[in-house]
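Here the structure is laid out as C-alpha cells; the discussion comes afterwards.
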Amino acid sequence: MTPRERIEAVLAGRKPDLLPWMPITMMFAADHAGVPYRRYVTDHRALVEAQLRTAESYGFDHVSCISDPVREAADCGARVRFFDDTPPAPEEGVALLADKTALAGFRKPDPLGGGRMTDRVNAAALFRERAGGLLVEGWIEGPCAEAADLRGINDLMTDFYEDAQFVRDLFEFTTALELDFARAQVAAGVGIMGVGDAAASLVGPKLYEEFVWPFEKRMVDALHAMGVRVRLHICGNTRPLLALMGNLGADLVDLDYLSPMGEARAAMGPGQALLGNLDPVRELKAGTPASVTAAIARCHREAGFPYVVGAGCEVPRGTPPENLLALRDYARGVAP
C-alpha cells in the first residue's frame, strides 16, 4: 500500500498493511529543516519543503498544510503579531469584533485573494506536485475556534450566556468562511481536511451541544460533500464531549491525552477511527524510546481498530528524534 492508501483503508474500516502514522508537526518540522518559524508560516514553499523533509526522515504517511490558527482572522482584517521563531497570534485586547455590532458589516475574504489563506492554498497545490504517495492534509479552523480569534476568547465565553443570537450569527459567518477556505484547498489537491476547534473544549457539554455541535456537523457534512475526508482535532479535555464528537461523522478523531482512549472508544463506537493520544510533553518529549513505545502500545490497546498512530497534539519542538522514531517503529512493526 502507498501511505495514502494505508490511511484511506483505515478510514474506510479496512485493515491496512501497516498502522498509519500521522503526527502533527509544525515547529518541529521547521526546526528539522532549519527554517525560522516566521518563514514557515509566511512562505508556502518553506512549509512544503520542511514537511516533505520531515516526513521522509520519520516515515510519516502524510504531509500537512497546518501552521497556525490565525490565517483566516488575518485575512478578515484582525491585527496579528508575527514573531521570528514562534507562531503568530492575535494582538491582545484589540479583537476585530471587540464591538460585536461590527459583525453586521463583515464580508468574507476571498481565499484566493492573495492573503494568508492563499498561501495555504498554494501549499496544497505544491504538495499535490511533490508529495507522491503521501496523503496531503489541508487545515481550517472550526466554528468556535475561529469565532474566538475574531471576537476574543473571553468575550466569546460571556456571549454564550449574554447574547446567544450573536453567537449563532458569528458561527454562521465563521462556518461559511471556513467552508470557502476548505473548498479552495480541496480544489488545490488535499485529500483530508483537518478541522481544529480547540476553543470548543472550553464550553462544556450543554453549550457544546446547543451552540457548537450543529455548526461542526454542518461543516463535516459540507466537507464530505466536497469529496474530502475529515480529521477533527479539538485540543484539551474533551471527555464530557466524546459521544457528541463521535456523532459528527468525522472520518478521524484526534484525542488529546486528557481524554482516555478507552472512554472514547466506548462513547464513539467500534467504527470511529481514532488517533492519539500520548501526552506530547511528558510522554513523547520527556520520555525515552522504551517509554514512548509502551505509551503508544497502551493507546493502541485501548483504542483497538480502527486506529492511527500520533500524539495527543502537536509534536513539541525539541522532541528527541529517537522518541519520534520509536513511534514510527511501533507503527511499522505492530499488526493493525
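No value in this document is a laboratory result; all are computed from the given coordinates. Model, not experiment: these values are computed from the prediction. FYI the Cβ positions are ideal-geometry reconstructions off the backbone, even for glycines, and counts take in every protein chain you see.
All of (1) surrounded by 15 or more Cβ atoms within 10 Å (Cβ to Cβ); (2) within 23 Å of Gly34 (Cα to Cα) hold for Asp85 with one exception: (1).
I need the full set of residues from the range 108-139 which are touching a Leu at 6+ places or on another chain (Cβ under 8 Å) and under 11 Å from Glu72 (Cα atoms), in order please. Scanning the range 108-139 gives Lys108, Pro109, Thr118.
For the range 213-247, residues that are within 14 Å of the chain's Cα centre (by Cα) and outside any helix (DSSP H, G or I) total 8. Residues that are within 23 Å of Val195 (Cβ to Cβ), surrounded by fewer than 18 Cβ atoms within 10 Å (Cβ to Cβ), in contact with a strand residue (DSSP E or B) (Cβ under 9 Å, 6 or more places away or on another chain) and not charged (D, E, K, R) are absent from the range 36-52 altogether. For the range 55-101, filtering for residues that are part of a loop (DSSP other than H, G, I, E, B) and among the charged types (D, E, K, R) leaves 8.
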